[in-house]
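FYI, it's all coordinate maths here, none of it is from the lab. Bear in mind the structure is a predicted one, so any value in this text is a computation, not a measurement. Neighbour counts run over all protein chains shown; Cβ positions are idealised from the backbone, glycine included.
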Amino acid sequence: MPNEMDKEAPSQDAKDFIKALQIVIEARSTENAQQMADALSTTAGVVEGIRRIPRQRRLPKCCDPVIIKGFLIAQDLSKSDELDMSWMQLSPAQVLKVVRAVLHDSPFKISSLNISGNSDITVGTLSEIFKLREASKPKRLYLFGCSKVEDVRRGDMASRIGMDEGAEAFNSYFPADLSEFRPWMANSRSGKPRPRV
């Protein structure tokens, strides 16, 4: 899903980041990726680059050190209580690594996770996230547009994936029978909608 950032030309810092990342991708070298990650500075250009590239294409596993460091820098600069990985083409393993790294870093007080738009996220992936000791902190989880979990009722999601009591998960669930959202329309005996008067 495109956003305003996708329409604007990248800054020079972001272009430099993207160019360096392209070299890592072509080399398919985790060692090169780790060197790049170690050299990244806390700049808006890095954040812009890490927000642009995964929206456009999936990054190979060798890029994981750069992805993780990029998200750590993004959280550090934003001071946000939300970890936003929405509409990014990250594999379930990459999502898990980013969540683990960001939640493990104690200065970040993450109260919500946004993984909307990721078609590879499953109930199993989410269960793995909430098995992490650090994952007890988030109280809200956004999963809009995640096709593999959109059939799970919102009220059931939190308990199915192991979120703490009182935590909420929001997804694109929409029941075939609207009486679930409008119980006053159902006849309690027959389960059929009441006739209009």
query: Which order do peptides 28-34, 115-121 fall in by mean Cβ count within 10 Å, highest first?
result: 115-121, 28-34
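Take the Cα atoms of the range 20-113, build their convex hull, and give its volume per residue in Å³.
87
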query: Listed here are the pairs Lys19/Lys61; Lys15/Lys79; Lys97/Lys131; which of them are more than 21 Å apart at the Cα?
result: Lys15/Lys79
task: Could you go through the range 159-165 in sequence order and give the Karplus-derived ³J(HN,Hα) for each residue, using 6.51 cos²θ - 1.76 cosθ + 1.60 with θ = phi - 60°, rounded to whole Hz, and x for Gly and Pro?
output: 6, 5, 9, x, 6, 5, 4
message: I need the Kirkwood Rh of the range 33-87: take the reciprocal of the average 1/r across all distinct C-alpha pairs and report it in angstrom.
response: 11.4
field: Efficiency of FRET from Cβ geometry, Ser80 and His104, R₀ 22 Å, rounded to 0.05
entry: 0.85
Alpha-carbon spread of the range 1-157, three principal axes, descending order, Å: 45, 32, 28
